[in-house]
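Worksheet: the structure to be examined is printed underneath.
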There are 2 protein chains.
Amino acid sequence: MLGKVVVVGVGLIGGSFALALKAAGAARQIVGMERSQEALARALELGIVDSTTDSFEDALAGADLVLVAAPVAQTGTILAALAPYLDVGTVVTDAGSTKADVVAAARAALGGKVRQFVPAHPIAGRESNGPDAALSDLYQGKKVVVTPLPENAAGDVGLVAAAWRLCGALIHTLAPEEHDQVFAAVSHLPHLLAFALVDDIANKPHADRLFQYAASGFRDFTRIAGSSPEMWRDISLANRDALLTELDAYLAQLTVLRARLAANDGPGLEAIYTNAQRARRAWSEAIETAEPPAPTQEEPE
Amino acid sequence: MLGKVVVVGVGLIGGSFALALKAAGAARQIVGMERSQEALARALELGIVDSTTDSFEDALAGADLVLVAAPVAQTGTILAALAPYLDVGTVVTDAGSTKADVVAAARAALGGKVRQFVPAHPIAGRESNGPDAALSDLYQGKKVVVTPLPENAAGDVGLVAAAWRLCGALIHTLAPEEHDQVFAAVSHLPHLLAFALVDDIANKPHADRLFQYAASGFRDFTRIAGSSPEMWRDISLANRDALLTELDAYLAQLTVLRARLAANDGPGLEAIYTNAQRARRAWSEAIETAEPPAPTQEEPE
């Protein structure tokens, strides 16, 4: 049981965390903070938070846990603002889709207090945003990747893991750089590729005709191109090095595929397609049966 | 009302055509032909066809309409085999995912009788295959692209369009080359890109870890990589020129995107992402509301 929990950013991610803790009876008091006064009022109205404030001093007084659930590019600014009021007994965590940049920002903002910051990334999302999109069961059965720092006390890491477990999540642990490499490959690169394809088609002179005949394969391939451009700009830049590495590997792969296609190399094409089909089906059987798909999921991963 | 209809290939596509005509009371007799004796027997057992034969001579005697619903690479062989028995009053159509190659194969196989061949492509499919996957409503509200030849009589084109309308489909008309350019962009290229991504990830030394963290964005982006490697090898080769053109345009697009990412050009990335998001959402609103998505669709488009 947690005492006072502060949620900075009461939208989908932070709001769902608050609702899940409440549903589990796991927090005595939840205080909301948020740039948008409208969203903050709405979160209070919906019962997502028990009280609101725009003062980090008030919010952090006697807090057990602070979740920063804001766009990754804002994490450093928020941590710098709360640093002066961060008591030794308070643990801070985040929910950012990238981790190495967040860790660097946290070190700069918190100095020696960075030992109280336990970075984490819940692998869950939906198309919609804001307090009204928050769900108490958003994290049920979903992974949360915790990327502890060498400075973190084991008990602080345990507190963050326990809070997420109370939300129904499964805890995984990676180093921040490992995390960023993994998500560059399986999330950030696919987003970039989907944005690129839709932009490519939209810029052709006969785009209307092309879109007219796009069907279900196109729909699913490009679903993630409906995601927030600002959020994905920030994620792309925050994880630039790992993303460039994955993009270059993919460009090399496409170059091989192009050569086989140009050479009419049927067996060569089929070898790539067959390996992909086998791997996709094995993944689908192993992972999807463990975590039932939520058809409305769209945003951060 | 059609008299005798011959369906060559009684799997998902041909079987669903037969079931839809039967459900509409639109054919007096449906004869099935099929390489696999097991599938042929199953189609008869399921009532998809009224009778079966392995003789083109018997099948074509007195037939009004023949649908060739076989992999595109086999179309020429099948048309050559039926050509000697093709009476002047019989119309032949197909269901191939590519059209220029099918037209070339038809000209070679049918000679002067090519005037009786009306090429078409139903834009519908499912993950599963074979007679057991056939559905009487597979084509309900779906597009069928007819790509008539200069030699076709208007009445023959009308007969093929009428048959598909009886199945519930919406008829669109394109030239064969237009068709192939359109589907290279919105279907064939996305399939190639999805196969390439999954193969790329599967070949990495830490593939297991990567797949472990792949979530809903990856799932939808790569769903089409679960499609048949043989079918997509054939489609890739059959539509090679148009596919190379689209692939090269996409590679150029990725090169621009890579340069912006490497240069930390946030506004440049955001411009691409924003244009893509806007176009994807406009497409989704315009097209998806007109044709409700079928979540199980996977294969040919």
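The values are calculated or read from the model by the stated rules, or taken from the named source; none is laboratory data. All values reported here derive from a predicted model rather than from experimental measurement. FYI the Cβ positions are ideal-geometry reconstructions off the backbone, even for glycines, and counts take in every protein chain you see.
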Review point. What is the residue count in the range A:240-275 for residues that are closer than 30 Å to A:VAL102 by Cα and hydroxyl-bearing (Ser, Thr, Tyr)?
Key: 2
Practice item. Can you give me the number of residues within the range B:262-284 that are surrounded by fewer than 18 Cβ atoms within 10 Å (Cβ to Cβ), aliphatic (A, V, I, L, M) and at the interface with chain A (Cβ under 7 Å from one of its Cβ atoms)? Key: 1
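Out of the range A:197-225, which residues are aliphatic (A, V, I, L, M), facing another protein chain (nearest Cβ under 7 Å) and surrounded by fewer than 24 Cβ atoms within 10 Å (Cβ to Cβ)?
Scanning the range A:197-225 gives A:ALA202, A:LEU210, A:ALA215.
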Practice item. Report yes if some residue within the range A:67-74 is within 22 Å of A:LYS142 (Cβ to Cβ), modelled with pLDDT under 95, assigned by TED's automatic domain parsing to the domain that holds A:GLU151 and assigned to a helix (DSSP H, G or I); otherwise report no. Key: yes
**Study point:** Sole exception among (1) of a type in the set (A, V, I, L, M); (2) away from chain A (no Cβ under 14 Å); (3) assigned to a strand (DSSP E or B) for B:ILE171, by number
**Key:** (2)
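Do you know which residues across the range B:207-242 are in contact with a Ser or Thr (Cβ under 6 Å, 6 or more places away or on another chain) and either not aliphatic (A, V, I, L, M) or not in a helix (DSSP H, G or I) (or both)?
Selection gives B:GLY217, B:PRO229, B:ASN239.
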Check your understanding: For the range B:226-261, how many residues meet the condition of being surrounded by fewer than 20 Cβ atoms within 10 Å (Cβ to Cβ) and hydroxyl-bearing (Ser, Thr, Tyr)?
Key -> 3
Point to revise | Residue under evaluation B:ALA215, criteria (1) touching a residue at least 40 places away in the same chain (Cβ under 8 Å); (2) of a type in the set (A, V, I, L, M, F, W, C); (3) out of contact with any strand residue (DSSP E or B) (no Cβ under 6 Å at 6 or more places or on another chain), criterion not met | key: (1)
Check your understanding: modelled with pLDDT under 95, touching a Phe, Trp or Tyr at 6+ places or on another chain (Cβ under 7 Å) and crowded, with 19+ Cβ neighbours inside 10 Å: does that describe B:ALA106?
Key -> no
Revision key, fill the gap. Going through the range A:164-187 in order, the residues found to be buried (at least 19 other Cβ atoms within 10 Å of the Cβ) and out of contact with any Phe, Trp or Tyr (no Cβ under 8 Å at 6 or more places or on another chain) are A:LEU166, A:LEU174, A:PRO176, A:HIS179, A:ASP180, A:GLN181, A:ALA184, A:ALA185
Point to revise | B:VAL144 vs. criteria at the interface with chain A (Cβ under 10 Å from one of its Cβ atoms) and closer than 26 Å to A:VAL198 by Cβ | key: no
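Is it the case, given these coordinates, that B:ALA259 is of a type outside the set (D, E, K, R) and more than 7 Å from every other protein chain (Cβ to nearest Cβ)?
Criteria met by B:ALA259.
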Check your understanding: Restricting to the range A:146-168, what's the tally of residues that are closer than 16 Å to A:ILE13 by Cα, not in a helix (DSSP H, G or I) and not hydrophobic (A, V, I, L, M, F, W, C)?
Key -> 1
Check your understanding: Out of all the residues in the range B:113-124, is one or more under 13 Å from the mean Cα position of the chain (by Cα) and in a helix (DSSP H, G or I)?
Key -> no
Exercise for review: Look at B:GLY111 and say whether it is within 14 Å of another protein chain (Cβ to nearest Cβ) and on the phi > 0 side of the Ramachandran plot.
Suggested key: no
Check your understanding: If we scan the range B:124-146, do we find a residue that is over 30 Å from B:ASP220 (Cα atoms) and in contact with a Lys or Arg (Cβ under 6 Å, 6 or more places away or on another chain)?
Key -> no
Practice item. Taking B:LEU149 as the residue in question, decide whether it is over 19 Å from the mean Cα position of the chain (by Cα), more than 14 Å from chain A (Cβ to nearest Cβ), at negative phi and of a type in the set (A, V, I, L, M). Key: no
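Filtering the range B:20-60 down to residues that are touching a Cys at 6+ places or on another chain (Cβ under 9 Å) and assigned to a helix (DSSP H, G or I), which residue is surrounded by the fewest Cβ atoms within 10 Å (Cβ to Cβ)?
Only one residue tops the list, namely B:ALA23.
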